[in-house]
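Peer 1: What follows is a structure written as structure tokens; I'll ask about it next.
The values are calculated or read from the model by the stated rules, or taken from the named source; none is laboratory data. Bear in mind the structure is a predicted one, so any value in this text is a computation, not a measurement. Glycine also receives a Cβ, built like all others from the backbone with ideal geometry; neighbour counts cover every protein chain displayed. In case anyone asks, the SASA skips ligands and DNA or RNA and just uses the protein heavy atoms, side chains included. Shrake-Rupley method; radii C 1.70, N 1.55, O 1.52, S 1.80 Å.
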Amino acid sequence: MSPISSPAELEKFRSEILSKRDPNGTCITVCSGSACHASGSKAVAVRLEEEIEKQGLRADVEIRRTGCHGFCERGPIIVIHPEKICYLQITPDDIPEILSRTVKKGEVIERLLYTDPATGEKKVHESEIPFYKHQERLVFGSNGNIDPKSLDDYLAIGGYAALAKVLSGMTPEMVIEEVKKSNLRGRGGGGFPAGRKWEGSRNAAGDVKYVIVNADEGDPGAYMDRSLLEGNPHSVLEGLTIGAYAVGSVEGYIYVRQEYPLAVENVTAAIRQSEEYGFLGENILGSGFDFRVKVHQGAGAFVCGESTALMTALEGRAGEPRPKYIRSNVKGLWNRPSVLNNVETWANVPLIINKGAEWFTRFGTDGSKGTKIFSLVGKINNTGLVEVPMGMTLRDIIYKIGGGIPGGKKFKAVQTGGPSGGCLPEELLDLEVGFDELTGAGSMMGSGGMIVMDEDTCMVDVARYFLDFLSDESCGKCVPCREGIRQMLKTLANITKGKGKEGDIELLEELAEVVSEASLCALGKSAPNPFLSTLRYFREEYEAHINEKRCPALSCKDLISYYIDPAKCRACMICLRKCPSEAISGGKNRIHLIDQEKCTKCGTCFDVCPARFGAVRKISGEPVPPAVSEEERTIVRKSKKNG
């Protein structure tokens with residue numbers, strides 16, 4: 001098609017799209033994000049296409065392969081519109097019944113609905129499911145309604161109206177002022193006010209300026225940016241284009257990690273479509289404003305999420321940070337003014353322009369406005385992506401949305417902010433989520449990772465795990481980060497192995513101070529946070545590991561032992577058969593024993609022992625009870641049999 005040449009023509013084209021769509025017609029949306037792809041949504045979509053043809057519903061039913069719906073644990077997910085009936089964990093074999101009963105007859109298939117674990121009640125509609133009910137899906141909500149490969153779908157929900165509004169009636173200064181009034185803070189980790197960043201770049205000297213999308217999401221367990229870029233790439237492009245107009249840039253980049261193939265595919269297609277429709281390229285919407293976007297695939301280095309390292313990589317060099325004597329928005333990519341914001345930040349911009357800063361500031365706290373998307377994972381019943389208003393408490397996120405801790409286990413901590421964030425204990429569950437609130441508690445917002453931990457988690461080992469990750473991901477350019485993290489990791493590893501000694505905590509505190517104060521970039525400066533926060537709230541665990549050679553969580557492999565309680569053993573032989581190291585001896589009618597010399601402490605025996613017996617015990621910091629004699633093994637076993 002020929003490019004749309006004006007805002008009026010855009011609205012005319014939008015009206016034509018909507019006129020061809022029946023709001024009361026049947027449309028089945030199939031979650032096609034990476035998580036649902038992994039659980040089989042592609043096969044579901046293919047079967048849906050085949051079965052619609054087979055049942056003669058081609059003229060009556062539309063299929064839309066959408067982005068991530070958020071409730072990743074329950075995928076594949078389909079929603080049948082306009083009734084908005086939500087079916088979870090669909091298989092291809094469910095499709096014929098869905099079409100014949102729900103689509104043709106209006107019947108609800110109860111086995112495919114969400115069941116409330118507390119009440120046993122079936123929830124028919126997505127909005128009734130607790131996971132969705134307590135969210136505020138301003139940015140992420142459209143993911144489940146549009147095909148990310150269809151620009152018409154984005155236009156049908158009001159897409160590019162914000163860009164048209166900006167180009168037809170707002171000066172760059174007016175755009176920046178609106179973003180400043182909204183108090184939109186960067187969602188990538190730093191939380192710097194976006195409007196101030198844009199203004200600094202706008203006022204910086206030089207004719208060539210850049211705007212950049214940071215989609216180099218590398219936190220373990222985090223996939224918010226990936227899912228937004230996969231499911232609604234045009235919202236990011238629209239925000240980026242508005243930012244380019246405000247700053248005075250004609251060239252933008254999307255830096256996305258190579259491990260996100262679907263995100264790369266969808267955003268590349270979106271750029272091509274936007275150029276075809278006239279939302280990118282020359283003389284956008286007849287305004288005289290030119291802007292083009294390129295996709296750059298990163299090699300997966302975590303440090304490239306840091307602004308200067310990312311820009312160094314964009315320049316074609318090794319992704320290493322450089323000193324910020326001058327901020328990147330003044331002197332960034334190729335030493336020119338460069339505005340770098342993450343995916344979620346850019347996606348918020350069209351909302352702010354369309355609905356106004358006053359509307360946006362209705363959500364959130366005094367210092368943190370709007371909503372935030374979190375990747376809620378770990379020891380939690382409902383894992384997935386959640387979008388909540390700033391100011392919601394950790395307790396509400398974990399229990400109302402996340403459904404609490406599985407298996408009746410006790411909550412222990414929640415880690416926020418990615419590998420460089422902190423672990424917050426149960427007494428802080430009523431903390432409101434916000435940039436300043438989390439920082440004050442010893443953690444951070446970060447990009448939005450939220451990992452829940454239960455009573456079986458060792459907090460010393462958690463600190464060791466994240467320092468291990470950061471040690472691997474350090475670029476090694478500066479000594480404090482390269483050597484400091486390595487030494488912290490070595491000391492933490494020794495503590496988890498029972499080799500900790502007096503003075504280790506003090507040594508770790510000294511190292512943490514040096515690393516945080518002297519490192520070149522944010523990776524090093526924030527690397528001690530996992531240790532500092534776990535020490536702050538769980539110091540007794542460090543002391544137990546060092547002074548008593550005991551892991552209170554019964555987690556650290558070198559500090560635990562397994563033994564079989566002869567009073568409870570029923571000689572069922574399950575543990576004997578499953579033990580991979582053949583460390584268990586026994587037999588029919590003979591109490592089993594674990595050879596401590598052969599035992600690799602893999603925990604298989606503990607996991608497979610029937611709960612009704614509970615014969616396998618896990619202990620730490622205490623001697624293993626002496627083994628029963630051969631005679632006792634037989635006699636006790638026979639007496640139990642006779643009894």
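Peer 1: If you check every pair at least six apart or on different chains, which have Cβ atoms under 9 Å apart with a residue in the range 426-445 that is more than 11 Å from residue 393 (Cα to Cα) and open to solvent by less than 10 Å² (accessible area, probe 1.4 Å) first and a residue that is of a type in the set (D, E, K, R) and assigned to a loop (DSSP other than H, G, I, E, B) second?
Peer 2: Going by the 9 Å Cβ cut-off, the qualifying pairs are 445/187.
Peer 1: Counting only residues that are open to solvent by less than 60 Å² (accessible area, probe 1.4 Å) and without any contact (Cβ under 8 Å) to a residue 60 or more places away in the chain, which one in the range 126-149 is farthest from residue 65 (Cα to Cα)?
Peer 2: If we take residues in the range 126-149 being open to solvent by less than 60 Å² (accessible area, probe 1.4 Å) and without any contact (Cβ under 8 Å) to a residue 60 or more places away in the chain, then 129 is farthest from residue 65 (Cα to Cα).
Peer 1: Next question, about the same structure. Looking at (1) of a type in the set (A, V, I, L, M, F, W, C); (2) closer than 25 Å to residue 321 by Cα; (3) surrounded by fewer than 22 Cβ atoms within 10 Å (Cβ to Cβ), which is the only condition residue 485 fails?
Peer 2: Going through the list (1) of a type in the set (A, V, I, L, M, F, W, C); (2) closer than 25 Å to residue 321 by Cα; (3) surrounded by fewer than 22 Cβ atoms within 10 Å (Cβ to Cβ), residue 485 breaks only (3).
Peer 1: Being surrounded by 19 or more Cβ atoms within 10 Å (Cβ to Cβ) and either among the hydrophobic types (A, V, I, L, M, F, W, C) or touching a Ser or Thr at 6+ places or on another chain (Cβ under 7 Å) (or both), is that true of even one residue in the range 8-22?
Peer 2: Yes; the residues of the range 8-22 include at least one that is surrounded by 19 or more Cβ atoms within 10 Å (Cβ to Cβ) and either among the hydrophobic types (A, V, I, L, M, F, W, C) or touching a Ser or Thr at 6+ places or on another chain (Cβ under 7 Å) (or both).
Peer 1: Could you say whether any residue in the range 142-162 is under 24 Å from residue 396 (Cβ atoms) and in contact with a strand residue (DSSP E or B) (Cβ under 6 Å, 6 or more places away or on another chain)? Reasoning before the result, please.
Peer 2: Kept after step one, since they are under 24 Å from residue 396 (Cβ atoms), are these residues of the range 142-162: 142-144.
Then drop every residue that is not in contact with a strand residue (DSSP E or B) (Cβ under 6 Å, 6 or more places away or on another chain), which leaves 144.
Checked against the condition, which is being under 24 Å from residue 396 (Cβ atoms) and in contact with a strand residue (DSSP E or B) (Cβ under 6 Å, 6 or more places away or on another chain), the range 142-162 yields at least one hit.
Peer 1: Continuing with the same structure: Any chance the range 340-355 includes a residue that's polar (S, T, N, Q), buried (at least 20 other Cβ atoms within 10 Å of the Cβ) and either in contact with an Asp or Glu (Cβ under 8 Å, 6 or more places away or on another chain) or without any contact (Cβ under 8 Å) to a residue 40 or more places away in the chain (or both)? Even if it seems obvious, please write down each step before you answer.
Peer 2: Within the range 340-355, the subset polar (S, T, N, Q) is 341-342, 345, 348, 354.
Of the ones still in play, those that are also buried (at least 20 other Cβ atoms within 10 Å of the Cβ) are 341-342, 345, 348.
Now drop any that are not either in contact with an Asp or Glu (Cβ under 8 Å, 6 or more places away or on another chain) or without any contact (Cβ under 8 Å) to a residue 40 or more places away in the chain (or both), which leaves 342.
So far as the range 340-355 goes, yes, one or more of its residues are polar (S, T, N, Q), buried (at least 20 other Cβ atoms within 10 Å of the Cβ) and either in contact with an Asp or Glu (Cβ under 8 Å, 6 or more places away or on another chain) or without any contact (Cβ under 8 Å) to a residue 40 or more places away in the chain (or both).
Peer 1: So, one more: Answer with yes or no whether residue 370 is at pLDDT 95 or above, out of contact with any strand residue (DSSP E or B) (no Cβ under 9 Å at 6 or more places or on another chain) and on the phi > 0 side of the Ramachandran plot. Break it down stepwise before answering.
Peer 2: Values: at pLDDT 95 or above: yes; out of contact with any strand residue (DSSP E or B) (no Cβ under 9 Å at 6 or more places or on another chain): no; on the phi > 0 side of the Ramachandran plot: yes.
Criteria not met by residue 370.
Per-residue answers, yes or no, for (1) in contact with a strand residue (DSSP E or B) (Cβ under 7 Å, 6 or more places away or on another chain); (2) closer than 21 Å to residue 554 by Cα; (3) open to solvent by 30 Å² or more (accessible area, probe 1.4 Å):
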| position | (1), (2), (3) |
| --- | --- |
| 572 | no, no, yes |
| 582 | no, no, yes |
| 596 | yes, yes, yes |
| 609 | yes, yes, no |
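Peer 1: Which residue is farthest from residue 544 (Cα to Cα), if the candidates are limited to the range 502-533 and must be open to solvent by 40 Å² or more (accessible area, probe 1.4 Å) and of a type in the set (A, V, I, L, M)? Steps first, please.
Peer 2: Taking the range 502-533 first, the residues open to solvent by 40 Å² or more (accessible area, probe 1.4 Å) are 502, 506-507, 509-510, 513-514, 517-518, 520, 522, 525, 532.
Applying the additional criterion that residues be of a type in the set (A, V, I, L, M) yields 507, 514, 518, 520, 522, 532.
Numbers: 507: 17, 514: 26, 518: 31, 520: 34, 522: 32, 532: 17 Å.
Ranking the qualifying residues of the range 502-533, first place goes to 520.
Peer 1: Say we look at the range 288-317 and pick out the residues that are in contact with a Ser or Thr (Cβ under 7 Å, 6 or more places away or on another chain) and among the polar types (S, T, N, Q); which of these is least open to solvent (accessible area, probe 1.4 Å)?
Peer 2: 308
Peer 1: So, in the range 236-256, how many residues would count as being closer than 25 Å to residue 65 by Cα and either open to solvent by 10 Å² or more (accessible area, probe 1.4 Å) or charged (D, E, K, R) (or both)?
Peer 2: Of the residues in that region, 1 qualify.
Peer 1: Among the candidates 533, 516, which residue alone is touching a Gly at 6+ places or on another chain (Cβ under 8 Å) and touching a residue at least 24 places away in the same chain (Cβ under 8 Å)? First the steps, then the outcome.
Peer 2: Details: 516 fails: touching a residue at least 24 places away in the same chain (Cβ under 8 Å).
None of the others qualify; the one that does is 533.
Peer 1: Among the residues of the range 89-111, write down those that are open to solvent by 10 Å² or more (accessible area, probe 1.4 Å) and of a type in the set (A, V, I, L, M).
Peer 2: Across the range 89-111, the qualifying residues are 103, 108.
Peer 1: Name the single residue, out of those in the range 373-391 being of a type in the set (A, V, I, L, M, F, W, C) and surrounded by fewer than 24 Cβ atoms within 10 Å (Cβ to Cβ), that is farthest from residue 227 (Cα to Cα). If you could, list the steps in order and put the result at the bottom.
Peer 2: From the range 373-391, those of a type in the set (A, V, I, L, M, F, W, C) are 373-374, 376-377, 380, 385-386, 388, 390; that's our starting set.
Narrowing further to those that are surrounded by fewer than 24 Cβ atoms within 10 Å (Cβ to Cβ): 377, 388, 390.
Working: 377: 15, 388: 16, 390: 20 Å.
Filtering first and then ranking leaves 390.
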